[in-house]
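Just so you know, all these numbers are worked out from the coordinates, no wet-lab data involved. Computed from a predicted model, the values in this text were never measured in an experiment. Virtual Cβ from ideal backbone geometry, glycine too; neighbours counted across all protein chains shown.
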Amino acid sequence: MIDTWPSPNNIPSFTLNVTLSAPPPTFPAYGFMASSGTYTEITGGIAVGTETADDQYYVDPAVPAGSSTNNGPGFDIGFPFVFNTETFDRLGINNNGWIALGNSALTPSVNLQTASAYNPLSAASTAIPAYLRSRIAAFGRDLQAQTGSSIRVETIGTAPNRICVVQFKNYRRYGGAGESLNFQIRLHETTNMVQ
């Protein structure tokens, strides 16, 4: 609501009152920790994508080349994974360096809809229910595949200490030359840690 009135010196003034209809969301206390270690490449699991992939969504194991479809059954994490107080068992992948979490009890199980696939953590999303907006970005910018590129998802280890690994190999920034970006997103069973 905006009220206007003349000030004591007859200079127009206004007051702006803002009322929020809902409290801001609350999130568990997530921390960040930098560490160094050995990068261990995965070679098994499910391979998705092509060496010419750009702006692809991988939401269905039956469509490993990916597509522009941003929702589907997703890939099995291999264990229940708790993130932001919700439990997930599926994930979808965007070749711009990020994943979205999902649940097999829903149809679609994963939904990667976002206003910008290059800024998945800050861009608006209308995915319903709201917890399907859960994103984890290792890079989160405009990336593209090149010769030797691949994306893999594999769950390794044994219960209760399994790790679901999503690996991006030999990617580059869009239009970049001479780059070879290799990175992983790791979801840990039991501890629900993200690496």
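Quick notes on this structure:
- Size of the stretch 43-188 as Cα extents on the principal axes (Å, biggest first): 41, 36, 26
- Going from the residue with the fewest nearby Cβ atoms within 10 Å to the one with the most, 190, 40 rank 40, 190.
- Compared with the direct C-alpha span, the chain from residue 193 to residue 51 gains 48.1 nm at full extension, assuming 0.36 nm per residue.
- Label positions at residue 82 and residue 128, each projected 7 Å from the Cα along the C-beta direction, are separated by 2.9 nm.
- Taking 7 Å steps out from each Cα toward its Cβ at residue 65 and residue 41 produces label points 2.5 nm apart.
- When Rg and the Kirkwood radius Rh are both evaluated on Cα atoms of the stretch 31-122, their ratio Rg/Rh stands at 0.98.
- Tensor-based shape of the stretch 151-195 (alpha-carbon gyration tensor, a/c under 1.5 rounded, otherwise prolate or oblate): prolate
- When only alpha carbons are used to place a centre, the stretch 120-195 and the stretch 83-97 end up 9 Å from one another.
- Using only alpha carbons, the stretch 88-139 has a radius of gyration to Kirkwood radius ratio (Rg to Rh) of 0.93.
- For residue 109, the amide hydrogen comes within under 5 Å of the amide hydrogens of 72, counting only partners 5 or more places away or on other chains and with H modelled in the peptide plane.
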